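The values are calculated or read from the model by the stated rules, or taken from the named source; none is laboratory data. The model shown is predicted, which means the values in this text are computed figures rather than measured ones. Backbone-built Cβ (ideal geometry, glycine too); neighbour counts: all protein chains shown.
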Amino acid sequence: MMHPPLFLDTPSPRRACASDDLPAKPSEVPATLTCYEATQRHWHTVVIGAGPTGSSVAMRLARAGLRVLLIDRDTLPRGKVCGCCISPQGVSELRLLGFSSIEESLHATPLHSLVLSAAGKQVHLPLLGGAALSRERLDAALATAATRAGADFLPKTTLTQIDQSNVGVRCTLRDQESTATLSAMSVVIAAGLAPAIRINGSRQIRSVPVSSRVGLGATFYDDTFDLEPGQLLMAVARHGYVGIVRLEDDRLDIAAAVDRSVLAGSATTNHILSEMLYEAGHRVPNELAHVVLSGTAALTHRSPLADGLVFRAGDSAAYAEPFTGEGIGWALQSGRFLSQAIVQGVDRSSTTSDIRLNAATIAAHWQSSHNRALRGRLFQCRVLSIALRQPSLVGMFIRFMNAWPAFGKQCVRLAVANDCETFTT
């Protein structure tokens, strides 16, 4: 097979950043209570998953005065298979949460350009308003902010089963030592693409298209790979696409959406990503052959938003292959709208001293908000992902972008919309 010529010449050693120039590693986010202590309280909302969606929901609900428990199966900080790019919408959402300047407070790297290649063609496009930030730092900062807002945090704990009744929800938890049960008025599932949580009595089904790709990714150091901070490299190939960006601590983050069929072959995942980069015309990082790549479940899917007093948000609700950092923006916006719906569903007219949650009100507001703000963007991203399955078509668009730079800028604006609406809780 003949490959297109490489756009990047023979690698020249890249000067590594001095250790004094790099931000310190984020600290571990401590638990605020034990699993036993969690079972002794009745929670308004239990949130499963301390990613951007879960932590933002926990933060907003705690600020609204609800008793919130945030649970994650891992300790924070921890890495994730993620492009680690935050769209302008995501930056706006973080600003609404109180992170006024993520460059200063979180050491995020502002993005300034997109290098897009396919079918032997390449174009450089401006990419303003976004940022690159490791999931270790982002997720730890959001979870910490949630606890400061009043939410409790329980790491290294897995929620395995949910039982609903007319008065609330009972959750089965498992930590490293035992299994326990706690009670809550509602549960928010924000645990990623395929959370292994059994909801007793539920007949709702998760829908996954046959053509849905899977995600692969890793972070690693490679001083020989000449990619400057603030530059996002995207390579489109026959079996998927690959993105590479440099993080705030000088690591490279590589993330890809790959056809499931190609993974069934004998080639290693490292070789598959190397071939995709080379096919598009990009040089391959030297260290890619040696890193351990992690994978995800099928990316594109749709799950029910509400099931009684159980609500799904972020990747657990719906996901379409994001191409330029949309995923984190969607996650944060999804958390914002679900938080608003739960607050609107609070019933304080009870004769008891505690509040009640109206499941129908929450579901109606959540469904309406999701349809209004997110469904259109998800559909737009699905259309984009279909186009990206045809490298020759992308190559033709690249020729147009090189000939008419204004056309390229408009394409970027359409692909990376900043449609953040003002909302506070």
Among the listed residues Arg63, Arg135, Arg41, which satisfies the condition of being within 30 Å of Val214 (Cα to Cα) and of a type in the set (Lys, Arg)? Arg135
Long-range neighbours under 8 Å by Cβ, at least six apart or interchain, first residue touching a residue at least 12 places away in the same chain (Cβ under 8 Å) and under 16 Å from Ser56 (Cα atoms) within the range 90-107, second among the hydroxyl-bearing types (Ser, Thr, Tyr) and surrounded by 14 or more Cβ atoms within 10 Å (Cβ to Cβ): Glu93/Ser56; Leu97/Ser56
Is it the case, given these coordinates, that Val188 is more than 27 Å from Arg302 (Cα to Cα) and of a type in the set (Val, Ile, Thr)? no
In the range 209-225, which residue that is part of a loop (DSSP other than H, G, I, E, B) and of a type outside the set (A, V, I, L, M, F, W, C) is nearest to His239 (Cα to Cα)? Arg213
Do you know which residues across the range 91-109 are part of a helix (DSSP H, G or I), closer than 19 Å to Gly51 by Cβ and out of contact with any Ser or Thr (no Cβ under 8 Å at 6 or more places or on another chain)? Val91, Ser92, Leu94, Arg95, Ile102, Ser105
Which condition does Glu104 not pass, out of (1) modelled with pLDDT under 95; (2) closer than 26 Å to Val310 by Cβ; (3) among the acidic types (Asp, Glu), if it passes all the others? (2)
Could you count how many residues in the range 262-293 are crowded, with 16+ Cβ neighbours inside 10 Å and not in a helix (DSSP H, G or I)? 7
State whether the residues of the range 30-41 include one that is at pLDDT 95 or above, in contact with a Lys or Arg (Cβ under 9 Å, 6 or more places away or on another chain), part of a loop (DSSP other than H, G, I, E, B) and among the hydrophobic types (A, V, I, L, M, F, W, C). yes
Please pick out the residue among Gln340, Gln410 that is part of a helix (DSSP H, G or I), touching a His at 6+ places or on another chain (Cβ under 8 Å) and at pLDDT 75 or above. Gln340
With respect to Thr109, is the statement that it is crowded, with 21+ Cβ neighbours inside 10 Å and of a type in the set (Ser, Thr, Tyr) true? yes
Output the qualifying pairs, or none if there are none: Cβ atoms under 6 angstrom, residues six or more apart or on different chains, first residue in the range 30-57 and more than 14 Å from Ala140 (Cβ to Cβ), second residue among the basic types (Lys, Arg) and modelled with pLDDT of 95 or more. Trp43/Arg67; His44/Arg67
Among the residues of the range 343-371, what is the count of those that are assigned to a helix (DSSP H, G or I), surrounded by fewer than 13 Cβ atoms within 10 Å (Cβ to Cβ) and either of a type in the set (Ser, Thr, Tyr) or at pLDDT below 85 (or both)? 1
Quick check on this structure: which one of Ser266, Ser274, Ser294, Ser261 is touching a strand residue (DSSP E or B) at 6+ places or on another chain (Cβ under 8 Å) and polar (S, T, N, Q)? Ser294
For strands (runs of 3 or more DSSP E) lying entirely in the range 141-203, having 3 or more residues that are over 25 Å from Ser105 (Cβ atoms) picks out 158-164, 169-174, 179-189
